[in-house]
Amino acid sequence: MKSLSGSVLAWLACFVAVQAQAQEQTIRVALARSIISVTTLAAIEKGYFKEQGIRLEIEDIDSSVDAMALLAQNRLQVLEGGISAGYFNALQKRLPIIIAADRVTTPVHHKFLVRADLKDRIRTAADLEGRTVASNGQGAVTSYEIGKLLETGGLTSKDVDIKILPFTQMGVAFANKAIDAALMISPWNVQVVEQGLAVAFADPDDYVKPGPLTIAVAFINTDWATQNPELVRKYMFAYMRGVRDYCQGYHGGRNRQELVNILVRSGTERRPEVLERYPWPARSPNGRASLQSLLDMQAWFGKAGLIQQQLPPDELVNYGHVDYAVERLGPFTVENKDSTLRGCR
């Protein structure tokens, strides 16, 4: 009798588990993997999404440019990646996408680097005229950052030779003297300096105005969001719990090692020493991208001929979902009172 009772209980437990899984709603999310991705990865591992009845299907991408079409087709519901001219062009075509939350906002820890043997010949932005400058993509946010620097020297992107290279290949290009300068992200920008291949020339967080600078965001499909308002709210609540965890780790909170372990286990960064030595990008604990930064970026892409139309602020972002989540979570307070870091406040 006890054996039968045990079997029944086991069957019931299995049935409940299957039913719960069947009731979970799936959301497909694309990630451009970086340190900042631990926000979503930790929220999955710690069960924040599961508590909301959500199962995430993660798809890795190299850049948001390639995945924007999939988001517009609702083959993805959420896309976490960099801002590009492609986003503004998609809005102009009335495609169903919108920025719903920030992903990286000052300090972004990008650096404009100059080849080490040229440090005495390239002292100002004006000295870059005619030089070969590497960017990771035409119309990418790095194009904007390079363009803003050139403007400080009275130049435009047409006054330099832009070479498109992945960040992973820029160090080799410096070594081979195939490029004179580059806009690079962490940790590659720190590594090429440590290797003596380049020197730090300028920091976009300092020279890009207006600030703060937002370079990456979470995009959502608006058709999906309109049809599933409650699901989007649940998603954003779980997501913002992950954001708050990230910001505590960013400031050296008690959970920092936990986040490092998640990044290593997920294969996002297999070298824990990199995560300890190099700075992490910041983000807003309230999920709001810098609207002034987005407007300036749109204006710059327009001047560069990469987009044809300037849209009003209310068509660039929708903060409704993230504001709902922040209202539920309450104010953010940095746990480590000794932290003097900018960002994530």
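The values are calculated or read from the model by the stated rules, or taken from the named source; none is laboratory data. Every value quoted in this text rests on a predicted model; they were computed, and no experiment measured them. Positions of Cβ are generated from backbone atoms using ideal geometry, with glycine treated the same way; all protein chains shown enter the neighbour counts.
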Condition set part of a loop (DSSP other than H, G, I, E, B) and under 12 Å from the mean Cα position of the chain (by Cα), scope segment 63-106, selection surrounded by the fewest Cβ atoms within 10 Å (Cβ to Cβ): answer is Ser63
In segment 263-272, anything assigned to a loop (DSSP other than H, G, I, E, B), surrounded by 17 or more Cβ atoms within 10 Å (Cβ to Cβ) and of a type outside the set (Val, Ile, Thr) is listed as Ser266, Glu269
Check your understanding: What do you reckon, is Glu273 assigned by TED's automatic domain parsing to the domain that holds Phe237, acidic (Asp, Glu) and closer than 25 Å to Tyr144 by Cα?
Key -> no
Check: Taking the condition of a type in the set (A, V, I, L, M) and in contact with a Pro (Cβ under 9 Å, 6 or more places away or on another chain), does Ile215 pass?
Finding: yes
Only unsatisfied item for Lys337, checking (1) basic (Lys, Arg); (2) assigned to a helix (DSSP H, G or I); (3) free of Cβ contacts under 8 Å to residues at least 40 places away in the same chain, is (2)
request  = Tell me, please, whether a residue that is surrounded by fewer than 19 Cβ atoms within 10 Å (Cβ to Cβ) and of a type in the set (A, V, I, L, M) can be found in segment 124-146.
outcome  = yes
Only one of Leu294, Leu275 is in a helix (DSSP H, G or I), within 16 Å of the chain's Cα centre (by Cα) and surrounded by 15 or more Cβ atoms within 10 Å (Cβ to Cβ), namely Leu294
Tell me, please, whether a residue that is in a loop (DSSP other than H, G, I, E, B) and either of a type in the set (Gly, Ala, Ser) or not assigned by TED's automatic domain parsing to the domain that holds Phe88 (or both) can be found in segment 301-317. yes
- prompt: Do we find a residue being farther than 29 Å from Arg271 by Cα, at pLDDT below 95 and not assigned by TED's automatic domain parsing to the domain that holds Asn318 anywhere in segment 126-141?
  reply: yes
Counting only residues in segment 175-204 that are outside any loop (DSSP other than H, G, I, E, B) and without any contact (Cβ under 8 Å) to a residue 24 or more places away in the chain, the one surrounded by the most Cβ atoms within 10 Å (Cβ to Cβ) is identified as Trp188
Those residues of segment 194-232 which are out of contact with any helix residue (DSSP H, G or I) (no Cβ under 7 Å at 6 or more places or on another chain) and among the aromatic types (Phe, Trp, Tyr) amount to Phe201, Trp224
Here the residues within segment 205-221 that are crowded, with 16+ Cβ neighbours inside 10 Å, in contact with a Leu (Cβ under 9 Å, 6 or more places away or on another chain) and either of a type in the set (S, T, N, Q) or not in a strand (DSSP E or B) (or both) are Asp205, Tyr207, Val208, Thr214, Asn221
How many residues of segment 23-46 are touching a strand residue (DSSP E or B) at 6+ places or on another chain (Cβ under 8 Å), within 16 Å of Lys234 (Cα to Cα) and charged (D, E, K, R)? The answer is 2
Those residues of segment 310-328 that are under 19 Å from the mean Cα position of the chain (by Cα) and closer than 13 Å to Ser290 by Cα come to a total of 4
